[in-house]
1. Cβ contacts < 9 Å: first residue over 13 Å from residue 267 (Cα atoms), restricted to region 137-148; second residue surrounded by 10 or more Cβ atoms within 10 Å (Cβ to Cβ) and at pLDDT 70 or above, any location; separation 6+ or different chain. Result?
2. Working only within region 18-49, note down all residues that are touching a residue at least 40 places away in the same chain (Cβ under 8 Å) and either under 19 Å from residue 100 (Cα atoms) or crowded, with 19+ Cβ neighbours inside 10 Å (or both).
3. Among the residues of region 269-276, is there at least one that is crowded, with 21+ Cβ neighbours inside 10 Å and either at pLDDT 90 or above or over 13 Å from residue 54 (Cα atoms) (or both)?
4. Pull up region 84-105, narrow it to residues that are in contact (Cβ under 8 Å) with a residue 40 or more places away in the chain and among the hydrophobic types (A, V, I, L, M, F, W, C), then point me to the one that is nearest to residue 211 (Cα to Cα).
5. Scan 198, 205, 219 and give me the residue that is touching an Asp or Glu at 6+ places or on another chain (Cβ under 7 Å) and within 20 Å of residue 70 (Cβ to Cβ).
6. Looking at 151, 169, 129, can you tell me which residue is at pLDDT below 85, over 28 Å from residue 244 (Cα atoms) and under 23 Å from the mean Cα position of the chain (by Cα)?
7. Step by step: first the residues of region 204-221, then only those that are surrounded by 18 or more Cβ atoms within 10 Å (Cβ to Cβ) and of a type in the set (A, V, I, L, M), then the one that is modelled with the highest pLDDT. Which residue is that?
Amino acid sequence: MDFRRNWPAAPDCPGSAAGTIGYLCALAAPSWEWVMVAVLFSEMSVSLVAPSYQAYIAENAPEGKTASTFGLVEAMFVLCMIIGPLLGGFLVHTFDYKTMVAAATVIYATATLMRLAMARHATAPVRPLNPAALVADLRKIMLLFAGGGLLLWIFAVDGLIDAGMQLALPFLPQYVTRLENVNEATYGILSALMAVIAMLVLIPAGRLSDRWGEHTSLALGVSMMGLAWLILAQFQALPVFALVFATAGAADAFIRPALSSIISQAVPKESLGIVWGCS
């Protein structure tokens, strides 16, 4: 399959542009109010791009290997999470935060230009916007929720995982750097370590999910993540931080392919995009 020609361009080209605007706003922000504008554009970018990305993978995954496919694709994507923290930590430690944001802006803008160039060659059909179809999809999803079946439990689990992560993640850099006086470069190394472990575990975790079931991978991943946070709350030392970040990376690798695989199997293919948009 020619990825360049079949990747749906309609949602993610505006999403990439919104992300670029967000970075430019952050770079030029004279006050925290402008930083909020940057955050809004960045979140808009994620909301536009992520659902089509996940739906595309689910629709094209080989039968019976959905989790393995998600594991492989996400392992490739995690490469960015290895290089990014190392580069960002180095730039902040050597120069300042503004230099780091400027470098991120250049990288993101370059990716946006590449995506726009790909869209010129896209041949995948784009359906016109149909409000009636959107309402029908939403009604279908609400009925699945109301039935109290698998989809409801998936969203409950996903929501609890997201709530727990968002409760702590925004403050994790401050927590680590203040307790042990860890500088930005060292924190970047810890983040890269988490990504390396995730990349190494994602592919076997996806295969495990396909072989033994998504519930096994989810239970293992959630248990490991809880253990990591418990250790972090009880012990404060750089080696412990390294262990916690490594455990969290492995836990995330077990959770993501399994959760994506369950959603792709529980929802009709024509509704995958809107379901991932709601998740």
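The values are calculated or read from the model by the stated rules, or taken from the named source; none is laboratory data. Being a predicted model, the structure only gives us computed values, none of them experimental. Positions of Cβ are generated from backbone atoms using ideal geometry, with glycine treated the same way; all protein chains shown enter the neighbour counts.
1. Listed by first residue and then by second, the contacts come to 146/152.
2. If the condition is that a residue be touching a residue at least 40 places away in the same chain (Cβ under 8 Å) and either under 19 Å from residue 100 (Cα atoms) or crowded, with 19+ Cβ neighbours inside 10 Å (or both), then 19, 20, 23, 24, 26, 27 are the ones that fit.
3. no
4. So the residue we want is 86.
5. 198
6. Matching residue, one of 151, 169, 129: 151.
7. 220
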